[in-house]
1. When N counts the residues of region B:136-219, how does its alpha-carbon radius of gyration compare numerically with 2.2 N^0.38 Å, as a ratio?
2. Would you work out which of B:SER240, B:MET1, B:ALA123 lies farthest towards the positive end of the dipole of chain B? Charges go on Cβ: Lys and Arg +1, Asp and Glu -1.
3. Compute the angle between helix A:3-26 and the longest alpha-carbon principal axis of chain A, please, reported from 0 to 90 degrees and rounded to the nearest 10.
4. What do you get when you divide the Cα radius of gyration of the protein assembly as shown by 2.2 N^0.38 Å, with N the number of residues?
5. Enumerate the aspartates and glutamates that B:LYS203 could reach by cross-link, defined here as Cα to Cα under 15 Å, with residues fewer than 8 away along the same chain left out.
6. What number do you get for chain A when its Cα radius of gyration is normalised by 2.2 N^0.38 Å, N = residues?
7. Can you count the Lys pairs in chain A with C-alpha separation below 21 Å, eight or more apart or on different chains?
8. Report the net charge of residues surrounding B:ALA128, where surrounding means a beta-carbon distance below 15 angstrom and charges are Lys +1, Arg +1, Asp -1, Glu -1.
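Every number here is computed from the coordinates shown, using simple stated rules; none is lab data. Note that the structure is a prediction, hence the values are computed from the model and not measured. Neighbour counts run over all protein chains shown; Cβ positions are idealised from the backbone, glycine included.
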Amino acid sequence: MNKKGIETAVGLFVLLGLAALLFVALKAANLTSFGRADTYTVTARFDNIGGLKARAPVRAAGVVIGRITGISLDAKTYQGVVTMEIERNYLFPKDSSAKILTAGLLGDQYVGIEAGGEVDNLAAGAVIKQTQSAVVLENLIGQFLFNKAADAGGGAGGPKP
Amino acid sequence: MGFVQSIGARVLAALHGLGHAALFFVGLVGVLPQALRRFGLVITQVYAIGNRSLVIILASGLAVGFVLALQMYYALVTYGAAESLGLVVNLSLVRELGPVVTALLFAGRAGTSLTAEIGLMKAGEQIAAMELMAIDPRARVLAPRFIAGAISMPLLAILFSAIGILGAWVVAVGLIGIDAGNFWSIQQNKVDIWRDVGNGVVKSAVFGLICTFVALYQGYETQATPEGVAYATTRTVVISSLAVLAMDFILTALMFSTP
C-alpha cells in the first residue's frame, strides 16, 4: 500500500478508537449526566452517616442533583461532616434539611435534600443545619427491644421518667 | 553444595536478565525523541501493529460481549436483576476484560510479528549493517515500533470494550428483550467516567508498553538463528501474557481498592 493509503488507514483507525472512547464515555458511562457541571459546595453534619460513601449521589425528590465529595469526622463534636457538590442551577432555601436515605431495601445510601420554606437560598460553603442520620439496623433493633422491655416493665409499675 | 550453587546461579542469571532489560529500556526511552521527529515511521508501524490487529480485536470483543451477556443473564435473572445486565457487562469489559484480553491478543497478534521481524533483521545482519552505517538501530527500528505499540494498544482496548458493550446490547435488547432505556440508564448511573473508563484506559496503556517492550527486547536480543527466532517468539507470548496478568492484579489492587 502506498504512503497516502497507509496514512489514511491509520487516521481512520485513530478516529475509530476515539469514537469508541466517546461512545463508552457518553452512552455507557456518566459523562453526560454528570460531567464538569458548574457546582457549589455545601456541608452537612450527621450524628451517624451509616454506610454513606464519597461519590454517592445527592438527590432531591429522587432526582440526582449532585455528588458527595468528601466525608470526614469533626474532632470536636464527633459528628460526620459530609461535603457535597450541588449543580448550580438547583438552589435550595436556607432551612432545607438533609437526610441519609437508602435506595431500595439493600441499595446504596445517598443524601436526600428536602426544600424548606425560607426566602434566602443556601450559598456556596453553607452548612445544612437540619439533618437526619442514617438508619442503623442495630440501633433500630436495639430501640425495638428497649421499647418492648419498657412496655413490659411499664405494666409492672416500673419507674417512669 | 551443587544444589545451593544451582539456585544461586539461577537467581543471578534472572537478576542479570532483569538488569539487562532495564538498561535496554532506559536506552530505548533515550532515543524516543529521535523517533518522534520522524513521525512517518511511527505511522507506518501503527498501520502494521494497530490497523492489522483490528479484525481479531473487534471479532473477539463482539464474541465476548455476546457470551458475557448470555451467561450473566442466566445468573442475574435468578435474583430478578436482569436489568443490571448491561452494567455487569460494561464494568467487566471496561475495567478488566477489555484491557487484559486485548493485551493477550495483542501479544499474540502484534508482539510475535514484532519479535519475528526484528529477530530476522538481526539474523540477516540488517541491524549490524545499520550500526556500520552509524545509524542507531534502536532509534530507527525499535523506537517507532515502541511508540506505535503504545498508541495502538489503548485504542484497540477501548474498541474492544465498545464493541463488547454493543454485542451485549444486541443480546440483551434484541434476544432477551430487556428494555433498551434501562439497559443504558443503569450503566450511565453507575459507571464512572474517570474511575472506571479512565482507569481502564490507563491499564491498557501500561499493558501496551509492556507487550511492545517485551516483544522488541526478545527480538533484539535473540540468537541469530532460526531456532533462536522461534524461541524468542514463543518467549514473547509467554512473558507478555504473564507480565500482563501480574501487572493487572497490581493495578486492580491499586485502582479499585475501595469499592
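1. With N residues counted in region B:136-219, Rg over 2.2 N^0.38 Å equals 1.52.
2. B:ALA123
3. It is inclined by approximately 10 degrees.
4. 1.32
5. Excluding near neighbours in sequence, the set is B:GLU96, B:ASP248.
6. Scaled against compact globular proteins, the figure is 1.61.
7. So the count of such lysine pairs works out to 6.
8. -1
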